[in-house]
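Visitor: Take this structure, written in structure tokens, and hold onto it; I'll ask about it next.
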Amino acid sequence: MSDIIPVPDDFEACVQHALDQDDTARAVVRKALDKGLERVYLVGCGGSHFGTYPAFDLLDRYATGLTTQRLTSSELTSRTPAGLNERALVVAASHSGNTPETVAAAKLAKAKGATVASISREGDNGLSRVGDVHLHYPDTISITEPKLVHNEQVALALLEAFGAADTATVLRDSLPQLPGALRAVKDEVAEAGERIADILTDAPLSYIVGGGPAYGMAKMMAWCYFQEMQWMNSAAINGGDFFHGPFEMILEDTPLVVLLAEDASRGLGERVVSFGERYTSRLGVVDTASFSLPGISAGARGDLSVIALMSAERRVLDHVAARRGHDTSVRRYMYKVQY
């Protein structure tokens with residue numbers, strides 16, 4: 001096994017820090033409801049945007065009488081949707097809290113009368129100053145999971161208000177177990193992480209596939225982790241689109257990574273796995289069904305497994321980075337040039 005990067009000592013504490021702010025998430029939803037809430041916009045850039053996929057999936061599948069959209073920050077400001085008004089809730093996420101596009105989106109939302117929930121690291125920053133509430137987490141490397149938790153908290157409060165209180169209760173009952181369950185994922189994904197490191201380390205190109213909310217995870221892995229943090233050519237593909245063009249690019253030695261959660265769209269990814277097993281020798285699979293997820297109930301496992309999937313792929317990055325000897329903090333352009 002490669003000289004794997006250690007899991008941060010504060011990992012579980014960071015997840016717990018986010019869980020402890022559930023009352024704040026409930027409060028911002030109540031404020032939006034008092035203004036006649038009709039529409040929710042989940043916005044961010046890059047990883048902060050991809051991290052909205054699990055919450056969007058919950059709201060889109062279960063919440064009745066509520067319209068939810070998932071947009072990049074620049075899409076919100078350039079399009080100025082007709083529903084962006086006092087009856088809207090905008091959940092804007094940025095790790096630094098100062099991503100210009102996301103701060104601009106939050107400011108536009110406020111100017112239009114919308115309620116704004118900001119998600120970022122602790123402390124004073126652009127988003128914390130704009131939002132009606134600030135959902136935060138410590139400024140460490142453990143940032144993916146806390147952002148997912150905050151989006152989930154807002155989503156569950158909305159489910160309770162829009163016809164899916166029973167579903168919210170089942171998920172809430174397992175949330176306290178997330179710190180330990182996700183920490184276990186970091187160890188249990190090791191075999192998959194080493195397999196993916198094997199097939200990707202010297203690959204000129206890789207395809208990362210996920211269906212449903214796992215497509216957000218595929219974009220996170222391909223774009224944020226492999227392109228941005230490892231300077232590897234990688235493409236994210238929606239499992240529902242794989243057999244409508246992309247599968248023609250799979251040869252016997254084509255690296256193909258499939259991400260599987262246990263939600264309702266799992267079958268989209270399973271079909272790709274079946275294809276990959278037949279047509280490429282370089283198939284890697286991250287499947288949450290192989291994780292123990294201690295303390296997570298059977299009823300909550302399907303939807304919470306999507307969070308576990310994103311936590312698992314963040315650990316896969318550690319395996320790949322260790323194998324390649326490429327520091328994940330190094331950038332060519334980001335934070336260095338005007339763009």
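Visitor: Please list, in chain and number order, the residues 5+ apart from Leu37 or on another chain whose amide H is under 5 Å from its amide H, with Hs placed from the backbone.
Guide: Under 5 Å from the amide H of Leu37: no residue qualifies.
Visitor: In addition: Run through the range 184-233 and list the chymotrypsin sites (Phe, Trp or Tyr not before Pro) located in a DSSP loop whose Cβ has at most 15 other Cβ atoms within 10 Å.
Guide: Numbers: sites: Tyr207, Tyr215, Trp223, Tyr225, Phe226, Trp231; in loops: Trp231.
When the chymotrypsin sites (Phe, Trp or Tyr not before Pro) of the range 184-233 are filtered for loop state and at most 15 Cβ neighbours within 10 Å, Trp231 remain.
Visitor: Multiply the residue separation of Lys112 and Asp124 by 0.36 nm, subtract the distance between their alpha-carbon atoms, and state the gained length in nm to one decimal.
Guide: Numbers: separation 12, 0.36 × 12 = 4.32 nm, distance 2.33 nm.
So the extension gain works out to 2.0 nm.
Visitor: The range 280-339 to the range 81-123: how many Å between their Cα centroids?
Guide: Each part's Cα centre sits 27 Å from the other's.
Visitor: Something else now. Specify the residue with the greatest mean-square fluctuation among Gly44, Gly126, Gly299, computed from a Gaussian network of the chain linking alpha-carbon atoms under 10 Å apart.
Guide: Top of the fluctuation ranking is Gly299.
Visitor: I would also like to ask the following. Which three numbers, in whole Å and largest first, are the semi-axes of the equivalent ellipsoid of the range 225-270 derived from its Cα gyration tensor as √(5λ)? Let's see the in-between values first.
Guide: Numbers: eigenvalues 82, 50, 17 Å².
Taking √(5λ) for each Cα gyration eigenvalue gives 20, 16, 9 Å.
Visitor: What is the calculated FRET efficiency for Thr80 to Glu191, with r their C-beta to C-beta distance and R₀ = 41 Å, to the nearest 0.05?
Guide: Details: r = 48 Å, r/R0 = 1.16.
It comes out at approximately 0.30.
Visitor: Just one of (1) 17.8; (2) 28.0; (3) 16.1 is mean projected area of the Cα convex hull in nm² calculated from these coordinates, so which is it?
Guide: Label of the calculated value: (3).
Visitor: While we're on this one: For the range 300-339, rounded, prolate or oblate, judged on the Cα gyration tensor with a ≥ b ≥ c (square roots of eigenvalues), a/c < 1.5 rounded, else prolate if a/b > b/c? Walk me through the intermediate numbers first.
Guide: On the way: a/c = 6.53, a/b = 1.78, b/c = 3.66.
Judged from the Cα gyration tensor, the range 300-339 comes out oblate (a/c at least 1.5, b/c at or above a/b).
Visitor: What's the Kirkwood radius of the range 212-334 in Å, using all Cα pairs? Write out the running numbers ahead of the final one.
Guide: Numbers: mean 1/r = 0.0656 Å⁻¹.
Every distinct Cα pair counted, the radius reaches 15.3 Å.
Visitor: Then there's this: So how much accessible area does Ser96 have, in Å² to the nearest 10, using a 1.4 Å probe?
Guide: My reading of the accessible area for Ser96 is about 30 Å².
Visitor: While we're on this one: For n ≥ 4 DSSP H runs only, could you compute -39500 (n - 2.57) per run for the chain, divide by its residues and tell me the 222 nm figure to the nearest 500? Walk me through the numbers on the way to the answer.
Guide: Details: 14 runs with 157 residues, N = 339.
Mean residue ellipticity at 222 nm (helix-derived): -14000 deg cm²/dmol.
Visitor: Per residue, how much accessible area does the range 237-339 have with a 1.4 Å probe, in Å²? Intermediate values should be presented prior to the final figure.
Guide: Values: 4800 Å² over 103 residues.
Averaged over the residues of the range 237-339, the accessible area is 47 Å².
Visitor: Ok, one more. Indicate the gyration tensor shape class of the range 17-105 (rounded, prolate or oblate), computed on the Cα atoms with a ≥ b ≥ c the square roots of the eigenvalues: a/c under 1.5 is rounded; otherwise a/b larger than b/c is prolate and the rest oblate.
Guide: Values: a/c = 1.43, a/b = 1.12, b/c = 1.28.
Rounded, since a/c falls under 1.5.
Visitor: Moving to a separate point now. Enter the accessible area per residue of the range 19-79 (Å², integer; probe 1.4 Å; all protein chains in place). Walk me through the numbers on the way to the answer.
Guide: On the way: 2520 Å² over 61 residues.
Solvent-accessible surface per residue comes out at 41 Å².
Visitor: Which angle from 0 to 90°, rounded to the nearest 10, does the C-alpha axis of helix 165-174 make with the longest principal axis of the chain?
Guide: Approximately 60 degrees, to the nearest ten.
Visitor: Cut-off under 20 Å on the C-alpha distance; same-chain residues fewer than 8 positions from Lys107 excluded. Which aspartates and glutamates are left, in chain and number order?
Guide: Those aspartates and glutamates meeting the cut-off are Glu38, Glu75, Glu86, Glu122, Asp124, Asp132.
Visitor: Something else now. Pop out the carbon and sulfur fraction of the accessible area of the chain as a percent, whole number, probe 1.4 Å. Display every interim value, and only then the final one.
Guide: Working: 6520 of 13440 Å².
Its accessible area is 49 percent carbon and sulfur atoms.
Visitor: Which residue fluctuates the most in the chain, going by a Gaussian network model with Cα springs under 10 Å, if the choices are Pro100, Pro179, Pro213?
Guide: Pro100
Visitor: What residues qualify as long-range amide H neighbours of Phe291, i.e. H under 5 Å apart, gap of 5 or more or another chain, H built at 1.01 Å from N?
Guide: none
Visitor: If you take every residue apart from Ala190 with its C-beta less than 15 Å away from the C-beta of Ala190, what net charge results, scoring Lys and Arg +1 and Asp and Glu -1?
Guide: Working: positive: Arg183, Lys186, Arg195, Arg314, Arg315, Arg323; negative: Asp3, Asp187, Glu188, Glu191, Glu194, Asp198, Asp287, Glu313, Asp318.
Once positives and negatives cancel, what remains is -3.
Visitor: From the phi of every residue in the range 57-67, what ³J(HN,Hα) in whole Hz does the Karplus formula 6.51 cos²θ - 1.76 cosθ + 1.60 yield, where θ is phi - 60° and glycine or proline is x?
Guide: Listing the rounded values in order: 4, 4, 5, 5, 8, 10, 7, 9, x, 9, 9 Hz.
Visitor: Moving on to the next point. Counting only Cα atoms, I'd like the Rg/Rh figure for the range 111-250, Kirkwood definition for Rh.
Guide: Numbers: Rg = 18.6 Å, Rh = 18.1 Å.
Reported Rg/Rh, Kirkwood definition of Rh: 1.03.
Visitor: When we measure straight from the Cα of Lys186, which lysines land under 25 angstrom away, once same-chain ones fewer than 8 places off are left out?
Guide: Leaving aside lysines fewer than 8 places away in the same chain, those within reach of Lys186 are Lys147, Lys219.
Visitor: Any idea what angle helix 22-34 forms with the longest principal axis of the chain, computed on alpha-carbon atoms, 0 to 90 degrees, nearest 10?
Guide: Roughly 50 degrees, rounded to the nearest 10.
Visitor: Farthest toward the dipole's positive end in the chain, which of Val273, Gly245, Leu309, given Cβ charges of +1 (Lys, Arg) and -1 (Asp, Glu) about the Cα centre?
Guide: Among Val273, Gly245, Leu309, the one farthest towards the positive end of the dipole of the chain is Gly245.
Visitor: Helix 190-200 versus the longest principal axis of the chain: what is the Cα-based angle in degrees, 0 to 90, to the nearest 10?
Guide: 70
Visitor: Same structure, new question: Suppose all protein chains stay in the model; what accessible area per residue would a 1.4 Å probe give for the range 129-221, in Å²?
Guide: Numbers: 2850 Å² over 93 residues.
Accessible area per residue: 31 Å².
The values are calculated or read from the model by the stated rules, or taken from the named source; none is laboratory data. Please read these numbers as outputs of a predicted model, since none were measured by experiment. Note that we place each Cβ from the backbone using ideal geometry, even for glycine, and neighbour counts take in every protein chain shown. Calculation scope for accessible area: heavy atoms of the full protein, side chains included, ligands and nucleic acids excluded. Shrake-Rupley method; radii C 1.70, N 1.55, O 1.52, S 1.80 Å.
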